[in-house]
Amino acid sequence: MQHYGILIDTTLCIGCYACEDACAEHWGFPKTDVHELSATKNTTVLTEGDTYVPRMCMHCAVPTCASVCPVGALKKTDDGPVTYDVSKCIGCRYCMQACPFDVPKYQWNSANPKVSKCDMCRDRIAAGKKPACVEACPADARVFGTLDELKKIAESRFAQNPGNYYPQIYGIKEAGGTSVLYLSSKPFVELGLKGNLPDHPLPSLTWAVMSKIPNYVFWGGTLLGGIYWITNRRKEVREFEAKLEQMEHNNPSRRIPNHEQEN
Amino acid sequence: MTSFLRISLEKIRRMTFWTIVFWIIMALGLTATAIRFTQGLGAATHLSDKFPWGLWIGFDVLCGVGLAAGGFVVAATVYIFNLDYYKPILRPAVLTAFLGYLLVMIALFFDLGRPWQFWHPMIMWNPHSVMFEVFWCVIFYTTVLALEFSPLVFERFKLEKPQKALHAIIVPLVILGVILSSLHQSSLGSLYLIVPEKVYPLWYSANLPYLFFLTAIAVGPAMVTIESFLSSRAFKREIELPILAKLGKVTAVALSVYLVLKIEDVVNDHLWPYVFTFNLEGILYWAEILLGVIVPIILLTYKKTNRSAQGLFYSALFVVLGFILNRMNLSITSIEHYAGVNYFPSWMEISITLMIVAAGFAGFRMAVKYLPVFPEKKETEKPLNKPFDVVEFIGDKHEHATVLN
Ligand code: SF4
Ligand code: SF4
């Protein structure tokens with residue numbers, strides 16, 4: 001299976017918001033001038049200093065959102081997009097809390113709310129088309145392709161225009177890698193992209209604990225059972241001795257053999 | 001005679017005061033409920049895309065589950081460690097835990113965006129999700145608690161058969177309960193393991209699950225203490241002072257281990273600059289550690305305070321408040337800092353929380369009134385009302401039966 005992704009070249013983005021509008025059209029959302037991700041905006045263009053920074057779901061290789069979702073409503077598909085299935089969602093919003101890029105948004109003012117995020121126009125990809133935002137971009141700032149293709153394109157842009165670029169691709173290692181990659185003329189933190197993410201996928205932090213649970217249940221159960229067995233035995237012995245003493249006290253002439261006691 | 005009259009008048013006045021408060025809370029809570037379920041979470045809460053978890057998760061769920069930890073701590077002590085000495089507090093502890101978990105589930109119904117699908121984790125599995133594990137543990141453990149609690153009902157209605165059946169399985173049941181509790185008490189902390197760059201450094205730790213577990217062990221007995229103290233006043237019972245003193249030791253030990261782990265975090269994760277930055281986070285951190293951990297450890301080890309009812313009550317109060325502060329700091333203060341927002345719950349969030357808590361108090365009162373929660377009650381007061389008489393009689397008979405066996 002091909003792993004698709006999107007390369008975002010912030011050095012080329014001209015801030016025309018054509019991608020925002022195309023995205024809104026694709027999802028049936030209103031077109032607005034509020035440039036931030038929301039339940040009705042799955043991609044946007046932020047302004048960081050003198051640079052326009054298109055933002056959207058990063059479609060992580062090992063998505064934190066999919067890992068935390070208790071019902072598996074979020075899924076990494078084989079071809080790259082991370083998708084959301086509202087029919088499963090219970091609305092716990094753990095995905096929003098956990099996503100390292102703060103992507104999933106919520107329909108707060110609905111009694112039947114959905115989580116909202118980009119799905120890389122999965123239906124368009126299936127139909128052999130590019131995602132709506134990529135198709136709309138007049139400046140070549142968004143490129144669609146397989147991850148291998150995108151990396152090659154990035155390298156060739158570095159080679160053609162070395163002075164233009166900060167020589168790294170954001171998304172190669174961040175949080176274990178993402179399917180949306182960024183190019184920039186300056187360090188990525190200056191574009192508001194997080195610089196403090198580990199190189200390994202974040203779900204491994206929880207899995208380190210979760211994977212121990214079966215063992216814990218087994219050994220914990222055994223240990224507690226053992227403790228019960230010992231303390232119970234002690235209690236029985238104590239009670240037995242007390243009874244014995246009592247009997248001897250009541251009837252000092254007659255010593256009772258042990259086996260009679262046990263009956 | 002006149003003084004007697006005055007006292008009862010005073011009593012009536014206080015009764016009606018609390019009844020009125022109760023109904024005001026209920027009225028506000030129900031109004032908020034209607035708004036929550038017709039217009040969505042946005043209309044009822046101050047939650048937002050930047051701040052998706054608020055009071056209901058931070059207080060109702062994270063604190064609620066922890067404060068109900070007395071149930072498994074005392075059940076383990078009595079059944080697994082066979083310390084019959086603690087039996088008098090077993091039933092109130094199990095009752096509180098059972099009510100507590102029911103309330104947590106009710107709170108979740110308010111918080112989940114799509115509560116009608118709450119059962120989905122039963123058939124749609126994701127074993128990588130901490131939330132999934134918490135869900136299963138809470139469902140199972142509430143069932144276990146219902147069973148641990150059921151003898152009171154059986155006893156009340158003299159149902160001997162189920163009582164015997166339950167007696168036969170109680171030990172495995174309690175073991176299961178302890179395992180489930182230790183799992184989800186710690187997992188509530190694991191929920192935050194996955195957001196290392198969002199939680200304020202003073203509250204993030206690779207040890208979060210252990211920290212949560214230890215604080216649950218500390219706060220469970222503290223809640224039992226507070227409850228014994230208050231109910232001994234309200235229901236005119238004698239307080240189980242020697243037992244509570246021993247429970248205080250459990251709390252002191254758990255808190256000491258916790259303190260060591262917290263210090264270890266500071267050293268290993270190089271948190272000194274954060275510890276000595278007295279911004280809002282720093283101050284709240286110190287408040288939590290000093291008032292919620294160090295002060296109670298001192299009170300509980302100091303001879304004068306660790307065996308008086310007052311001393312135990314106040315140390316327990318510190319533990320509980322410190323515990324609540326800790327959970328709120330992790331879930332609210334530290335995420336506020338990350339998201340750069342100020343979150344304060346709306347009146348609707350607050351009144352729904354109050355409504356749930358009030359329902360808990362009412363449930364506890366009802367249970368104590370109609371079920372043998374305090375069977376070993378000493379008669380220190382004037383003739384009792386009916387339900388208590390029945391209860392005592394059945395209680396005695398049961399004692400008898402077990403002795404005969
Ligand atoms: S960016 Fe966030 S929402 Fe998108 S795949 Fe990664 S974790 Fe999920
Ligand atoms: S809000 Fe829905 S999609 Fe997000 S984690 Fe919860 S159940 Fe999964």
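The values are calculated or read from the model by the stated rules, or taken from the named source; none is laboratory data. It should be emphasised that the depicted structure is a prediction, and the values quoted were computed from it without experimental measurement. Don't worry about glycine lacking a Cβ; one is built from the backbone with ideal geometry, like all the others, and counts go over all protein chains shown. Areas reflect the complete protein model, heavy atoms only, side chains present, ligands, DNA and RNA absent. Shrake-Rupley method; radii C 1.70, N 1.55, O 1.52, S 1.80 Å.
Viscosity 1.002 mPa s, temperature 20 °C: Stokes-Einstein D of region A:1-63 from its Kirkwood Cα radius, in µm² per second?
Working: Rh = 12.8 Å.
Answer from the Stokes-Einstein relation: 168 µm²/s.
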Just the number: Rg to Rh for region B:81-240, Cα atoms, Kirkwood Rh, two decimals. 1.01
Just grab the label-to-label distance for residue A:110 and residue B:206, each label 7 Å out from Cα along the Cβ direction, in nm (one decimal). 4.1
Charge context of residue B:310, other residues only, Cβ under 13 angstrom, K/R +1, D/E -1: +3
How much of the DSSP beta bridge set in chain A is antiparallel, as a percent to the nearest 5? 80
So for each of B:186-192, A:10-16, A:46-52 I average, over its residues, the number of other beta carbons within 10 Å; can you give me the resulting order with the highest mean first? B:186-192, A:10-16, A:46-52
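What is the ratio of the Cα radius of gyration of chain A to 2.2 N^0.38 Å, with N the residue count, to two decimals?
In units of the globular-protein estimate, chain A measures up at 1.68.
How many percent of Cα pairs in region B:84-170 exceed 15 Å?
On the way: 2552 of 3741 pairs.
When every Cα pair of region B:84-170 is considered, 68 percent fall beyond 15 Å.
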What FRET efficiency comes out for residue A:148 versus residue A:186 if R0 is 30 angstrom and r is the Cβ-Cβ distance? Round to the nearest 0.05. 0.70
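Enumerate by residue number the trypsin sites (Lys or Arg not before Pro) in region B:118-205 meeting two conditions: DSSP loop (anything except H, G, I, E, B), and at most 12 other Cβ atoms within 10 Å of the site's Cβ. Don't jump to the answer; show the numbers that get you there.
On the way: sites: B:156, B:158, B:164, B:198; in loops: B:158, B:198.
The qualifying sites are B:158.
Suppose a student asked you for the relative contact order of region A:4-204, using Cα pairs under 8 Å spaced at least 6 residues apart; what percent would you report? It would help to have the intermediate numbers written out before the result.
On the way: 377 pairs, mean separation 59.2, N = 201.
Relative contact order comes out at 29 percent.
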Would you kindly enumerate the cysteines in chain A that have no other Cys beta-carbon under 4.7 Å from their beta-carbon? A:13, A:16, A:23, A:60, A:69, A:89, A:92, A:99, A:121, A:137
Pick from B:333, B:251, B:16: which is most flexible by mean-square fluctuation in a GNM of chain B where alpha carbon atoms under 10 Å apart are linked? B:16
FRET efficiency for residue B:241 and residue A:47 from the Cβ-Cβ distance with R0 = 60 Å, rounded to 0.05, comes out at 0.35
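What FRET efficiency would be calculated for the residue pair residue B:275, residue A:173, taking the C-beta separation as r and a Förster radius of 30 Å, to the nearest 0.05?
0.45
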Per residue of B:161-173, count partner chain C-beta atoms within 10 Å of its C-beta, then hand back the mean as an integer. 1
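What part of the accessible area of the protein assembly as shown, given as a whole %, is carbon or sulfur when the probe is 1.4 angstrom?
Working: 20400 of 31730 Å².
Carbon with sulfur: 64 percent of the solvent-accessible area.
Given B:87/B:304; B:158/B:246; A:235/B:304; A:41/A:212; A:212/B:262, which pairs have Cα atoms separated by over 31 Å?
Details: B:87/B:304 26 Å; B:158/B:246 33 Å; A:235/B:304 33 Å; A:41/A:212 40 Å; A:212/B:262 23 Å.
The pairs that break the limit, which is 31 Å between Cα atoms, are B:158/B:246; A:235/B:304; A:41/A:212.
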Assuming 0.36 nm per residue, please report the length gained on full extension of the stretch residue A:159 to residue A:3 beyond their Cα-Cα distance. 53.7 nm
Taking the Cα atoms of the protein assembly as shown, report the difference between the largest and smallest coordinate on each principal axis, in whole Å and largest first. 109, 66, 50
Using alpha carbons only, how many degrees (0 to 90, rounded to 10) separate the axis of helix B:90-111 from the longest principal axis of chain B? 40
Among B:17, B:135, B:98, determine the one that fluctuates most according to a GNM of chain B built with springs between C-alpha atoms less than 10 Å apart. B:17
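Quick one: net charge around residue B:251, please, counting Lys, Arg +1 and Asp, Glu -1 for every other residue with C-beta under 15 Å from its C-beta. Can you show the working numbers first?
Working: positive: B:246, B:249, B:307; negative: B:227.
Net charge in that neighbourhood comes out at +2.
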Protection proxy ranking of A:77-86, A:122-131 - average other beta-carbon atoms within 10 Å, highest first: A:77-86, A:122-131
Peptide-level mean, for A:59-68, of C-beta atoms on other protein chains within 10 Å: 2
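Stretch residue B:31-residue B:122 to full length: gain in nm at 0.36 nm per residue minus the Cα-Cα span?
Details: separation 91, 0.36 × 91 = 32.76 nm, distance 3.15 nm.
Between residue B:31 and residue B:122, full extension yields 29.6 nm more.
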Heavy-atom accessible surface buried between B and A, both sides counted, 1.4 angstrom probe, nearest 100 Å², is 4700
Per-residue mean of other chain beta-carbon atoms within 10 angstrom of the beta-carbon, peptide A:217-226? 4
Dimensionless Rg/Rh of region B:46-373, both radii on Cα and Rh by Kirkwood, sits at 0.96
Once you list every other residue whose beta carbon is under 15 Å from the beta carbon of residue B:196, what net charge do they have if Lys and Arg are +1 and Asp and Glu are -1? -4
In a GNM of chain B with a 10 Å cut-off on Cα contacts, which of B:77, B:301, B:19 has the highest mean-square fluctuation? B:19
Cα long-axis angle, helix B:160-190 against chain B (0 to 90 degrees, to the nearest 10): 20
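At most 11 other Cβ atoms within 10 Å and a DSSP loop assignment: could you name the trypsin sites (Lys or Arg not before Pro) in region B:213-310 that fit? Walk me through the numbers on the way to the answer.
On the way: sites: B:233, B:236, B:237, B:246, B:249, B:262, B:303, B:304, B:307; in loops: B:236, B:237, B:303, B:304, B:307.
Of the trypsin sites (Lys or Arg not before Pro), the ones in loops of region B:213-310 whose Cβ has at most 11 other Cβ atoms within 10 Å are B:303, B:304.
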